[in-house]
1. Only Cα pairs under 8 Å and at least 6 apart count here; give the relative contact order of the range A:65-152 as a rounded whole percent.
2. For the range B:244-301, taking Cα atoms only, what is the radius of gyration to one decimal and the Dmax to the nearest whole Å?
3. Alpha carbon centre of the range B:207-263 versus the range A:56-129: separation in Å?
4. Within chain A, what's the longest stretch lacking GluC sites (Glu not before Pro) that sit in DSSP loops with no more than 12 other Cβ atoms inside 10 Å?
5. Suppose the chain between B:M156 and B:D65 were pulled fully straight at 0.36 nm per residue; how much longer would it get relative to their current alpha carbon spacing?
6. Residue by residue through the range A:105-114, which ³J(HN,Hα) values in whole Hz follow from phi under the Karplus form 6.51 cos²θ - 1.76 cosθ + 1.60 (θ = phi - 60°), with glycine and proline marked x?
7. Please give the contour-minus-distance gain from A:N3 to A:A175: 0.36 nm per residue of separation, less the Cα-Cα distance, rounded to one decimal in nm.
8. Please state the Cα pair-distance histogram of the range B:178-329 with 10 angstrom bins from zero: what percent is in each bin?
2 protein chains.
Amino acid sequence: MGNQTVVFDNPPVILSSYSVVGPKEGQGPLGKTFSKVWNDQLNGEKSWEVAESKMLQEAMQGAIDQAGIPKDQIDVMLAGDLLNQLISTNFAARQIALPLIGIYGACSTMALSMAVGSMLIDGGFAENVLVGVSSHHDTAERQFRAPTEQGTQRPMSAQWTVTGAGSVLLGRTGAGPRITSATIGRVIDFEQKDANNMGSAMAPAVADTLVNHFHDLQRKPAEYDMVVSGDLGAVGLALAGEVLKQSGIDMGTKFTDCGVMIFDASQDVHAGASGCGCSSVVFAGEIMQKIKMGELKRVLLVGSGALHSPTSALQGESIPGIGHAVVIEA
Amino acid sequence: MGNQTVVFDNPPVILSSYSVVGPKEGQGPLGKTFSKVWNDQLNGEKSWEVAESKMLQEAMQGAIDQAGIPKDQIDVMLAGDLLNQLISTNFAARQIALPLIGIYGACSTMALSMAVGSMLIDGGFAENVLVGVSSHHDTAERQFRAPTEQGTQRPMSAQWTVTGAGSVLLGRTGAGPRITSATIGRVIDFEQKDANNMGSAMAPAVADTLVNHFHDLQRKPAEYDMVVSGDLGAVGLALAGEVLKQSGIDMGTKFTDCGVMIFDASQDVHAGASGCGCSSVVFAGEIMQKIKMGELKRVLLVGSGALHSPTSALQGESIPGIGHAVVIEA
């Protein structure tokens, strides 16, 4: 690195992508781009947690099947979720039975896992790497906020955790879009303490990573067909644009956010979506399709994570943020 | 990989190591090997969680200072802990201010972070990588078990979570022991459900990783001066030896465990120690000293993680385990 960005000598290929979402996500504007839509949040399982883990397993198995790569040719999986001790990941990995590197980056986990997975391939340590990331609205609500049954009113700055699992299979060789570079972010904290406004807490970290990314590669935002954060929501996206403007970077009109894209105004989600499943399914669905169809040639995905916990919030700590970026090219 | 083990072409160097522990660890048989011993569990902070985060920060800063490498020459940090959403790591990383890759492997986090960090260096993506891992007895007790004040009686198979933070600085060049290979483990579950007997839950995963490691490198246990798990405790260590014997591998007398080494019988910890701080401080302290003094020439460190959560345990799930191994040579 030296700076925060690595450029891959032999850019890893995204051999396949697969996404599974819940009913609300299926009814949203990107509904048709997902590989599979569940009819309800439990899908026949006895708990939301088991359902989330099965959803992640389904997404990862879907990516493996779609690529047609035998499992014994996949060297390692990088995966993560929002649940304490990564239980969705661990129980899914028990079934997938591949060597596991557990990643925690809150909602930035998809971009971070794709970045590290690409390093393992380009570095010569793996031929194929499976990446899988999930979140579930109801497991997140009860872990981070309040019992779902309580019906707590949400402020307008709040984001709605996506029920979804996305997976990509990365390979050293083969056909598909390529991951050409990655920028690993630093923890940035502007002392925002409102857990119902995570977009604002994460915006400065996304801006920091974008500033460093553009500087490291000597590029401008206009050199990307899309710069997409995941997930700042509407409040955080506007704020990140402001912070970048103050750094002398005009993001133009191609700066958007997975949390803004996945739901529409009629779905009553307030500031948009969040949860690491959000950027994983929007990337594995909509964005991958547009890249494959030639509508997008160079995309910058910036995962954004709010690195607090209910304990740290109760203890009065502010919410540190982080942003990790990967460049995907057709 | 192809198999589960990677061998490094240019083995990364362990440039420095630093460990900070609580008072009980300081009074144990390895007390003199730690860089710093705190006089109490809070060390003047307002909560155990803040104390743990400060301890991790102190260990990582200690490793940086000891190596004498300017911080702007460190490309990235890999770090993790046991707390929900890795708050010890995130708040420490906010202060250290280096790009962060958050790792979750339960008690296997030290070995896993050293493995991935070595891949980033040998792969050409980083010149220097900081690794830091912590646990804290009291933060873990209240998160995973029962209020400390309650004084719940512990069964004899239970392990005592270490209060400690260990850090190593890895570099592409320089003097010191080298990390020559790494084996990434799979999730293994023998359907053990007793969260007061995690050693038994993890033993099959450690055995699986060791079997694969010896097979991949065509080595025998006798080719290591020490094979040390972290942390199976006394119950798990004996069980792992049994499982390996059934696979035709006799571990001999050099198979031990960080959780067995760090406390002695008079300290009333029952089956030994656990917590990802345990293997991080035993490695950064005792083991690194013996390697540097020439007493150990080739060590196999096998981090072991129990991948459950209080939620998964309450929902009746068994405890999946994982083992990740790194080889360190003088």
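Just so it is clear, none of the values below were taken in a lab; they were calculated from the coordinates. Because the structure is a prediction, the values reported are computed rather than measured. Positions of Cβ are generated from backbone atoms using ideal geometry, with glycine treated the same way; all protein chains shown enter the neighbour counts.
1. Computed value for the range A:65-152: 36 percent relative contact order.
2. 13.3, 35
3. 27
4. Within chain A, the longest run free of exposed GluC sites (Glu not before Pro) spans A:1-190.
5. Details: separation 91, 0.36 × 91 = 32.76 nm, distance 4.05 nm.
So the extension gain works out to 28.7 nm.
6. x, 6, 6, 8, 4, 5, 5, 5, 5, 5
7. Stretched fully, the A:N3-A:A175 segment lengthens by 58.9 nm.
8. 12, 43, 34, 10, 1
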